[in-house]
1. Using Cα pairs under 8 angstrom and six or more residues apart, how large is the relative contact order of the chain, in percent?
2. Once label points are set 7 Å from the Cα along Cα→Cβ at both L14 and I27, what is their separation, rounded to one decimal in nm?
3. Which whole-number value in Å³ per residue fits the convex hull of the alpha carbons of the chain?
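Computed from the coordinates by the stated procedures, all read-outs in this text should not be read as laboratory data. Predicted model, so just to flag it, every value in this text is computed and none were measured. In this analysis, Cβ positions are derived from the backbone assuming ideal geometry, glycine residues included, and neighbour counts consider all displayed protein chains.
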Amino acid sequence: MVAVAAVVSGAAALLSLAGENNVPTAILTAGGAFAAALGLLLTVAHYAGPQ
């Protein structure tokens, strides 16, 4: 899950830089994307687990 969130984070950073944002803004964007993706993946893992 962390690996997928890291890939999403990297893609968000690259897209932010491509959108002519500065590096600190791209880092904050990547951090937000990482946190959101990891939270979503943890939620899916929690509710999709065996019952």
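1. About 44 percent, as a whole number.
2. 2.1
3. Cα-based convex hull of the chain, divided per residue, equals 52 Å³.
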